[in-house]
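S.K.: First, the structure itself, so that you have it in front of you.
The values are calculated or read from the model by the stated rules, or taken from the named source; none is laboratory data. None of the values given here were measured: they were computed from a predicted structure. Using ideal geometry, Cβ is built from the backbone for each residue, glycine included, and neighbour counts are taken over all protein chains shown.
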Amino acid sequence: MHTLKYLRDPANAITMIGLILAFWGIGLALNGCPNAAVGLVLWSVFADHMDGLIAKRTKNRSEAMAEMGKNLDSFSDLVSGCLFPAIFLLTTGGTTLLSIATGTVLIGIGALRLGTFNTASHIDGDNVGLPIIYDVPAIAVSILIFGSSFPLPAIVQMVLALCILLHFTHLPVPRIRGLGYPAILAICAGASALLMDGYGSIC
């Protein structure tokens, strides 16, 4: 039980909340509630942005808390940014060879990016390639824009294929700073509200 002491750290607690929300999102997807699943995991994305901000502003944060936070954050990112989209694709599109292959590549590239996060994934403070945490927002926005024009499996497959390509690029992607935080909050809150309510029943 001594490991629970790490959750006294505000940033680590926020990361854990994000991880729990991602797991609940997987549960909703498995129970046939795709829109609600994406809407919920968007809050996991917001938590991922906030935990770093809170960590920087926490005074006298111990090295042990910071090291634990990095590991927990990577695990949470893998679940929300890779495992959830992969499972979401399988639940909406079925266990086709294409869906399985896309999910496998997504999880693989996500693990590699997270494994090298502190060494080769940054240039002058910016991310190199699209961070995996943006996969779920990309799915959410695409559903809201094209949901009435294309079947959900086709939307998710196309979005994740594009995200995978962007993960492999060397394009610099700016980190969230300043006004980016309220912008992320507005996007997550608005898209989540539309997905969980505006599109009919929660399932």
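S.K.: Return the only residue of Ala140, Ala183 being within 17 Å of the chain's Cα centre (by Cα) and loosely packed, with under 13 Cβ neighbours inside 10 Å.
M.R.: Only one candidate qualifies: Ala183.
S.K.: Looking at Trp43, Trp24, which one is at pLDDT 95 or above and surrounded by fewer than 18 Cβ atoms within 10 Å (Cβ to Cβ)?
M.R.: Trp24
S.K.: Just one of Ser149, Ser192 is in contact (Cβ under 8 Å) with a residue 24 or more places away in the chain, polar (S, T, N, Q) and over 24 Å from Ala101 (Cβ atoms); which is it?
M.R.: Exactly one of Ser149, Ser192 is in contact (Cβ under 8 Å) with a residue 24 or more places away in the chain, polar (S, T, N, Q) and over 24 Å from Ala101 (Cβ atoms), namely Ser192.
S.K.: While we're on this one: What residue, of Leu166, Leu160, is touching a residue at least 24 places away in the same chain (Cβ under 8 Å), in contact with a Ser or Thr (Cβ under 7 Å, 6 or more places away or on another chain) and either small (Gly, Ala, Ser) or within 19 Å of Gly108 (Cα to Cα) (or both)?
M.R.: Leu160
S.K.: Another question, then. With respect to Ala140, determine if the residue is in contact with a Leu (Cβ under 9 Å, 6 or more places away or on another chain) and not in a loop (DSSP other than H, G, I, E, B).
M.R.: Yes.
S.K.: Just the residues that are in a loop (DSSP other than H, G, I, E, B) and β-branched (Val, Ile, Thr), please, taken from the range 29-83.
M.R.: Within the range 29-83, Thr58 is the sole residue that qualifies.
S.K.: Can you find a residue in the range 89-103 that is within 21 Å of Leu144 (Cα to Cα) and hydrophobic (A, V, I, L, M, F, W, C)?
M.R.: yes
S.K.: Considering each of Thr58, Thr3 in turn, give the residue that is polar (S, T, N, Q), farther than 16 Å from Leu195 by Cβ, without any contact (Cβ under 8 Å) to a residue 40 or more places away in the chain and surrounded by fewer than 17 Cβ atoms within 10 Å (Cβ to Cβ).
M.R.: Thr3
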